[in-house]
Amino acid sequence: MSQGWARFAHRFGQYYRTADLWSPPRIKTREWMFIPFGGAPPIRHKGFATTESVRTFLNARAMHSCFYSTAYWQRPYELKMADKGWHGADLIFDLDGDHLPGVTDKDFPGMMEVIQEQAWSLWNDFLQPEFGFRDDYLQVTFSGHRGFHLHYRDPKFFHLDSEARRELVSHIRGEGVDVKGGLARYHDSSATGWTKRLRNGMDDMIQTLRNIDTGGPNASEELKRLEAGLQSLQSREGVTSQRTAASIKKLAEVVNHDQRAQRLKDGRFELLDKYQTLFLNLLKSDTSVVLGSAGETDEVVTIDVRRQIRWPTSLHGKSGMRVSEFPLDRLDPDGSNPYKPLSEAMALNTNDSLEVEMLVDDAIAQFGERRIDAKCGEKVIIHEAGATFLVLKGWAKLIN
């Protein structure tokens, strides 16, 4: 193990010796997996009776990342999955910011703002109002890196198979939604579900297109975002027509007119002529409608009834931040006390100063109120938690 990895392993080990570790419900039925430092193969098929036994294991060898199963097993320590005895699984929703069209983790604070909105919308727009999910069965966690996890543990859902869970995700993603039919009720204030989401997204879409046509603030970024959204829709549903920036610009030119904009809100889509399908696809794919309602939740995680998920209170090996649980109301970015992962999830020392050299351009990080936007080759003095983040991300190297 290199000196750099040895340092991180040592600091992670110090954390696990003193941290207040979270204990999963029914811990004896969970399978555990660990990823060591230095590129060694994952350690799987571990079973523990108590959280303290997990701590003892980590004290003997600090791990890069720690996971536990979303499933409940009769014998989690068996090496063959068929011998473990599956009893059921939590319902997990995993939202990562780098899955959003047009979003990159190179602007880490910007990405975190967007993905927190998506995670809140998943609960507030879908899971609670449409499926009747109750917050007393919910655990909300920051993943420690690029997003959020919603763990739902209502016993009546434990035995849902993968196909049933896939249907849930398909609805959230809007697969098969009749956009035109939904917008026919644009002026119906009692509308719910996808009809309400499409109606709310209509105003934003019209304004975005008009801003693109006039070259207003962030017009180029908005254009790229819409184009990325169409590409994402193509991969999900096979949409192949009118996906280019040039087509979006032509549509924007048509929409940028007061009377036409109002007629669109009245359901007069024929005025768009050959761009009608493009407009409806943009509405479906736009982040304010689909992704704003968590359409890019990681489907594989939700439908997998044997999934491993990051252990809350563990440290994420690609950031050094803590996988952190917090109350549901703090997930709301517009609430009175929103959760702030870039300061609250810092688990390592924030007093000592280390010097690092940046290895990349155009990467933005933030630690509390301090924002790092340095160029390749530039040297930065930052506390241990910040230096750990930058090095583990591959954005910087320690200067000895």
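None of the figures in this text is laboratory data; all of them are computed from the coordinates on show. For clarity, every value in this text was computed on a predicted model and none was experimentally measured. Here Cβ is always computed from backbone atoms with ideal geometry, including for glycine, and neighbour counts include all displayed protein chains.
Per-structure values
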| item | result |
| --- | --- |
| Extended-chain gain in nm, criterion 0.36 nm per residue less alpha-carbon gap, residue 128 and residue 60 | 20.2 nm |
| Label-point separation in nm, residue 245 to residue 274, each point 7 Å along Cα→Cβ | 2.2 nm |
| Gained length - residue 49 relative to residue 381, 0.36 nm times residue gap less alpha-carbon distance | 115.2 nm |
| Normalised contact order of the chain, rounded percent, pairs of Cα under 8 Å and 6 or more residues apart | 20 percent |
| Amide H contacts of residue 46 (H built 1.01 Å from N, under 5 Å, at least 5 apart or other chain) | 32 |
| Cα gyration tensor category, rounded, prolate or oblate, for region 171-235 with a/c compared to 1.5 | oblate |
| Nonlocal amide H pairs with residue 147, under 5 Å, H built at 1.01 Å | 97 |
| Under 5 Å, built H, 5+ apart or other chain: amide partners of residue 354 | 382, 383, 384 |
| Listed values (i) 62, 52, 44; (ii) 65, 49, 37; (iii) 70, 54, 39, entry calculated as Cα extents along the principal axes in Å | (iii) |
| For residue 77, net neighbour charge (Lys/Arg +1, Asp/Glu -1) across residues whose Cβ lies under 12 Å away | +4 |
| ³J(HN,Hα), Karplus 6.51/-1.76/1.60, whole Hz, each residue of region 146-154, x for Gly, Pro | 10, x, 9, 10, 10, 9, 10, 10, 7 |
| Lysine-lysine proximity count for region 178-289, Cα under 14 Å, sequence distance 8 or more or distinct chains | 8 |
| Environment charge at residue 154 (Cβ cut-off 10 Å; Lys +1, Arg +1, Asp -1, Glu -1) | +1 |
| Mean Cβ count within 10 Å, highest first, over the residues of peptides 46-55, 308-317 | 308-317, 46-55 |
| Order of 152, 339 - criterion: other Cβ atoms within 10 Å of each residue's Cβ, fewest first | 152, 339 |
